[in-house]
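The next block holds one structure in the form of structure tokens; read it before the comments.
Bear in mind these aren't lab numbers, they're just calculated from the coordinates by the rules spelled out. None of these values were measured; they are calculated from a predicted model. Cβ atoms come from the backbone with ideal geometry, glycine included; neighbour counts cover every protein chain shown.
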Amino acid sequence: MLSESEGYDLLKGYGVPVPSYRIVMTPHDAADAAETIGFPVVMKIISPQIVHKSDAGGVVVGVGSREAAVAAFEKIITGAKKYNNDAEITGVIVEQQAEPGLELIIGGKTDPAFGKVITFGMGGTLVELMKDITLRIMPLDEGTIRQMIQEIDGYPLIKGYRGMKPKDEEALVSTLMSVNRFFLESENVAEFDINPLRLYENGALAVDARVIVSDKPVHEVKEERPPVPMEYFNPRSIAVVGASQDSNKMGYAVMHNLLHFPGQLYPVNNKRSEIQGLKAYPSISAIQAPVDLAVITVPAIHVPRVIEECGTKGVPMVIIITAGFKEMGEHGKALEDRIVSIARSHGVRIIGPNCLGMIIPPRGIDTTYVHQSPRPGNIAFISQSGAIINTVVDMSLAKNIGFSAVISVGNQADLDFLDYIRFVGKDEKTKAIILYIEQITDGKAFMEVAAEVAKCKPIIAIKSGSSTRGQAAASSHTGSLSGSYEVYMEAFRNAGIIAVHTLTGAFLAAQMLAHRKRYPKGKRAVVITNAGGFAVLSSDYAERYGIEMVDLPSEVIDELNEFLPEFWNKGNPIDLLGDASEKRFEKTFAVLARHPELWDMAFIVGFPNLVLTSEQLARQILKFSASTENRLVATLLGGDSMNVGREMLKEHDIPSFDELDYTYRVVGRVLWQKFRVKAPGLL
Ligand code: ADP
Ligand code: MG
């Protein structure tokens, strides 16, 4: 940790306003320095071991005379000794006392995954209590800096609140720009904070500076690896090394799930000549024909030999299901490094180890040991947890959700999230991508690839480890440290990834965005329903989740008046009343379709009754959807009586949620990503 004065000098060099100061070693010098600077002054302890000076009684403000300076000096030294007798005291800093002002904090830290980030928010001693902080991954431009300032809850205090004069926002912008440049250019600075930065009606002043330097490289960047050709994910022949006849073994389950594979399947087992009805081979090299993919389930200790053999045979890619590598500590890490280097020397690519491999339902590939293979569909799911894959696949069967791909990344010794995201990004069957992430090693590269793919396909992510305990669990689980949750959230938003925190939420968002029209073009909504109660709830939920209900202009009301019952509510939500027939919905939809510029999305909320079947309602929704480029979101509430309608909509990729709150929550989350709406609901 640099001393406060060293911090001031560094910052000053970049144009950050700091107080004038002197460093003194004796009470007498303190009095002289105070006089030179001009009373009153602030005096503080300088010690590399004392990080929070106030806690050590190491800050005296309002020193107004020579005598007071002498007394303050004694008090600071005694206080510091009492606080930590071993602390090395290198002096006392005497500095110009700043006028009271709005106390802000500007900080920086180095995230293990994403590199340097800058934080900004309400500062002072209550910073941990208020937690009014925003952050961005570097580098920042001026627009981003302005956005950060306006985004904190305390912004009204800067802009001027209730008769208070506005503070100097421009001085704040320029200070943040200077700090940004300082952090960017100071390679050895790993962390810093300026708390407080005092902001005035005119100008600003940093009255504390804590800078931590490090000579270690601050974050690891994974070496570049060649891209993985798409056809590697479309093998024509698969060998299972360690295939088994014993139903208690992994090699049995993997073989079993691959029996539907339409290409060539070769069990490899040196003890049997037949496995699950197929001719078995004693080794990979004994197979005469080419092998496009080898799935390895033998114990870790045999894996290097198998990879060597695959290399010699010219197998381009292997999936290592076997565990017992990096996740097991030093010894396992060494074994993992060995298989990577063997594979590399032969140009063999690796999925895993310690993974389930992949399921590509449209191609009949399933190298996992899930209970039952999932159905083909348009969602790709890439997960760092095998158990979550098993769970999600099982759930998907009951909920009639299908997949274009399910991939278990394991230890990511070679192929990692980036390769899989690239693959499903290009894969024609995939319409939406869900990620379950524990940690990422090269955050910057991840953001680049994800941002590229997210331009044409929605990416939804669950990131675990938001709790302090969760972070500890994740690091022991994967053998490397997680970056902090907030940095991930910011990275996701930057890359266009929608962050959710439940599996249900992830699938709801994916189903909504898998539609051709994807995102609503804005946040203005109309609601059409035949249920008065749900009309009111719709307004409540819309407001809660940042969705804007538009006012209908009088010409639209007039058009609706022509066929709606006299006493309809004449507003948005449009309540068509409980006796609304199919015809009434049809005519209303036609009016809205004629005015697409008034709204960005339409929520249609139906409930079970005898006047209107779910089939009739779904038919009109589909017709409406075909007649407009705006997004429709349906909610057919109720029990099984609505299933016919729900299925009709689903066939056309229009999801129908079965809880109204969820409808608005999902849309709110999606809008949060696109338009940075404030306080979206958790999903
Ligand atoms: P700490 O190590 O405890 O963060 P600081 O240097 O931030 O110590 O001092 C504690 C508080 O004293 C600051 O939050 C600020 O309110 C006040 N203070 C410190 N330096 C000055 C100064 N030069 N002028 C006015 N007030 C100051
Ligand atoms: Mg401070």
So what is the 222 nm mean residue ellipticity for the chain from helices alone, if each DSSP H run of at least 4 adds -39500 (n - 2.57) and you divide by all residues, rounding to the nearest 500 deg cm²/dmol? -11500 deg cm²/dmol
Dimensionless Rg ratio for region 533-574, taking C-alpha atoms and the 2.2 N^0.38 Å reference: 1.29
If you wrap region 102-213's Cα atoms in a convex hull and average its projection over all directions, what's the area in nm²? 6.7 nm²
Approximate shape of region 509-548 as ellipsoid semi-axes (Cα gyration tensor, √5λ), whole Å, largest first: 22, 12, 10
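Looking at the chain, what % of its DSSP beta bridges pair antiparallel, to the nearest 5? Please list the in-between numbers first.
On the way: 46 of 100 bridges.
If we restrict to bridges inside the chain, about 45 percent are antiparallel.
Figure the gain on full extension for Gln372 and Lys75 (residue separation times 0.36 nm, minus the Cα-Cα span) and round it to one decimal in nm. Intermediate values should be presented prior to the final figure.
Numbers: separation 297, 0.36 × 297 = 106.92 nm, distance 7.31 nm.
Fully extending the segment from Gln372 to Lys75 adds 99.6 nm.
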Farthest towards the positive end of the dipole of the chain, among Ile106, Leu129, Val453 and with Cβ unit charges of +1 on Lys and Arg and -1 on Asp and Glu, lies the Cα of Val453
Computed over region 409-457, Cα set: Rg, Dmax in Å: 10.6, 28
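Report the far tail of the P(r) of region 558-606, meaning the percent of Cα-Cα pairs longer than 19 Å. Display every interim value, and only then the final one.
Details: 212 of 1176 pairs.
Percentage above 19 Å: 18.
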Rg over Rh of region 355-514, using C-alpha atoms and the Kirkwood radius, what does it come to? 0.93
When the Cα centres of region 530-583 and region 90-129 are compared, how far apart do they sit, in Å? 50 Å
Largest to smallest principal axis extent of the C-alpha atoms in the chain, angstrom: 95, 82, 35
Based on alpha-carbon centroids, what's the gap between region 1-56 and region 270-345 in Å, whole number please? 63 Å
Debye intensity ratio in log₁₀ form over the Cα atoms of region 312-388, taken at each q of 0.21, 0.22 Å⁻¹: -1.02, -1.07
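Express as a percent, rounded to the nearest 5, the fraction of DSSP beta bridges in region 355-514 (both residues included) that run antiparallel.
Details: 5 of 26 bridges.
So the antiparallel bridges amount to about 20 percent of the total.
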Specify the angular offset, from 0 to 90 degrees and rounded to the nearest 10, of the alpha carbon long axis of helix 417-426 from the longest principal axis of the alpha carbons in the chain. 50 degrees
Report the Cα centroid-to-centroid distance between region 392-418 and region 605-642 in angstrom, as an integer. 31 Å
What's the angle, to the nearest 10 degrees (0 to 90), between helix 503-513's Cα axis and the longest principal axis of the chain? 70 degrees
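From the P(r) of region 20-96, can you give the percent of Cα pairs sitting at distances over 17 Å? Provide the component values of the computation, followed by the final result.
Working: 967 of 2926 pairs.
Summing the P(r) of region 20-96 above 17 Å gives 33 percent of all pairs.
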Using mean Cβ contacts within 10 Å as the protection proxy, how do 328-337, 398-407, 345-354 order, highest first? 345-354, 398-407, 328-337
Once region 233-342 is represented by equal point scatterers at the alpha-carbon sites, with solvent omitted, what log10 I(q)/I(0) does the Debye formula produce at q = 0.23, 0.24 Å⁻¹? -1.29, -1.37
How big is the equivalent ellipsoid of region 541-661 along its three axes, where each semi-axis is √(5λ) from the Cα gyration tensor, reported in whole Å from largest to smallest? 22, 17, 14
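Assigning unit charges at the beta carbon (Lys, Arg +1; Asp, Glu -1) and nothing else, what dipole magnitude in debye, to the nearest 20, does the chain show about its Cα centre?
Numbers: 70 positive and 81 negative charges, 369 e Å.
The calculation lands at about 1780 debye.
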Would you pull out the residues with amide H under 5 Å of Gly91's amide H, same chain only if 5 or more places away, H placed 1.01 Å from N? Ile46
Among Lys109/Lys674; Lys426/Lys457; Lys399/Lys650; Lys44/Lys82; Lys333/Lys463, the pairs whose Cα-Cα distance exceeds 20 Å are Lys109/Lys674; Lys333/Lys463
